[in-house]
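Trainee: This is the structure, below, for whatever I ask next.
What follows draws every value from the coordinates through simple rules; no lab data is involved. Because the structure is predicted, anything quoted here is derived from the model rather than measured. Note that each Cβ is placed from the backbone with ideal geometry, even for glycine, and that neighbours are counted across all protein chains shown.
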Amino acid sequence: MTGVAPHTPVLLDRVVELLAAAPDGVVVDGTLGAGGHARAVLEARLERYGRAELLGLDRDPDAISLAAEHLADLAADERVTLELVRVRFDALPEVLDTRGTPQVSGVLLDLGISSMHVDRAERGFSYRAEGPLDMRMDPDLPTTAGDLVHELDASELAGLLRRYADEPHAGRIARAIVAARPIPSTVHLAAVVREAVPAAARRRGGHPATRTFQALRIAVNAEIDALEMVLPSVIDRLVPGGVAVVIAYHSLEDRPVKRAFATAATGCLCPPGLPVCACGHTPEVEHLVRRPERPSPEEIAANPRASSARLRAVRRRTEESS
């Protein structure tokens, strides 16, 4: 992992504020990364409760190793219980069941891609650095970005770009990719995409390949499927007063979070017009952050990758709040 720039945790102070106030018990960092959020949360809860327990999940073995190194001093503290597990975050229910933990006090999901991925050219996530078309967060996954680029037809590629990136030039880009195959590297793919985009569009916004790389990464790692699968469990596994915090980086991630939190915070879900509630649904959570919170200008200046972050949070209702 040498040569990798340290990852700067996004919205760190707000995450710590929300999770430090959660009840005493286990906090799950479902997207552990290098352990930046985990360290700050552990320290805050140690100060608040005199003890702290954290379960860290990540699918990337490099992340698990790096976090273990960064958190080693805290793990050595007899007041701290730290367990790191190499799994994707949607395995949360199975991990909790295995360790005999029916409910937890807090859950953090910091979605998207981390610096440790972008800054390592050999992982294939960056269009700026020469690398293989890989993009797997878990190196054991069977399908790489290169497999998708070379095996999907133009129609399938265009559909992928529309679904996972809202790419307005999906058809043009997909046809250009098919015509240019074989495409040996990330930089080569970025050049193909750039040439496929109309000249006027190239002059607007960021790099023309940004959306294409996003779509391929999401497809390779099944990110949205995993998120939609785990959100109900995140809410269900919270103790009364427990807190869930999710940081998303684009609308494709934020929409299912907004929908899941809104549904869990709503009472009756029956169609309008029914004289009596037939569903019996009662609110499970209350919003701690109803409108997504964004990083401050100061944080964005210090960490430009935080610019698109949006944070939502809910708290599991207690008998007093019901």
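Trainee: Between D225, D147, D73, which gets the highest mean-square fluctuation from a Gaussian network model of the chain, Cα cutoff 10 Å?
Mentor: Comparing D225, D147, D73 in a Gaussian network model of the chain, the most mobile one is D73.
Trainee: Given the chain, what percent of its DSSP beta bridges are antiparallel, to the nearest 5?
Mentor: Details: 11 of 31 bridges.
Of those bridges, close to 35 percent are antiparallel.
Trainee: Okay, next question. If you build a Gaussian network model of the chain, linking Cα atoms that sit under 10 Å apart, which residue out of R99, R175, R290 swings the most?
Mentor: Residue with maximal mean-square fluctuation among R99, R175, R290: R99.
Trainee: On to the next question. Amide H to amide H under 5 Å from G131: which residues, 5+ apart in sequence or cross-chain, H placed 1.01 Å off N in plane?
Mentor: Those qualifying (amide H under 5 Å, at least 5 residues apart or on another chain) are T186, V187.
Trainee: Given axes a ≥ b ≥ c from the Cα gyration tensor, I'd like to know whether the stretch 137-221 is rounded (a/c under 1.5), prolate (a/b larger than b/c) or oblate. Could the numbers behind the result be given before it?
Mentor: On the way: a/c = 1.62, a/b = 1.49, b/c = 1.09.
Taking the square roots of the gyration eigenvalues as a ≥ b ≥ c, the stretch 137-221 is prolate.
Trainee: Add +1 for every Lys or Arg and -1 for every Asp or Glu among the other residues with Cβ under 15 Å from the Cβ of R163, and state the total. Mind dumping the intermediate values first?
Mentor: Details: positive: R162, R211, R217, R255; negative: E156, D166, E167, E223, D225, E228, E253.
Summing Lys and Arg as +1 and Asp and Glu as -1 gives -3.
Trainee: Go through the chain and flag any cysteine with no other cysteine's C-beta closer than 4.7 Å, please.
Mentor: Result for the chain is C270, C279, no neighbouring Cys Cβ within the cutoff.
Trainee: Take the chain, connect every pair of alpha-carbon atoms lying under 10 Å apart with a spring to form a Gaussian network, then pick out the residue of A21, A264, A222 with the largest mean-square fluctuation.
Mentor: A222
Trainee: Shifting gears a bit: What's the angle, to the nearest 10 degrees (0 to 90), between helix 36-49's Cα axis and the longest principal axis of the chain?
Mentor: Roughly 10 degrees, rounded to the nearest 10.
Trainee: Let me ask you something else. Starting from the amide H of T81, placed 1.01 Å from N in the peptide plane, find each other amide H under 5 Å away whose residue is 5 or more places distant or on another chain.
Mentor: Amide H neighbours of T81: A52, E53, L54.
Trainee: Right, another one. Search the structure for amide H atoms under 5 Å from the amide H of G241, placed 1.01 Å from N in the peptide plane, and list their residues when 5 or more places away or on another chain.
Mentor: R316, R317, T318
Trainee: Report the charge-dipole magnitude of the stretch 137-221 in Debye, nearest 20, computed about the Cα centre from +1 at each Lys and Arg Cβ and -1 at each Asp and Glu Cβ. Could the numbers behind the result be given before it?
Mentor: Working: 11 positive and 9 negative charges, 122 e Å.
Computed about the Cα centre, the dipole is about 580 debye.
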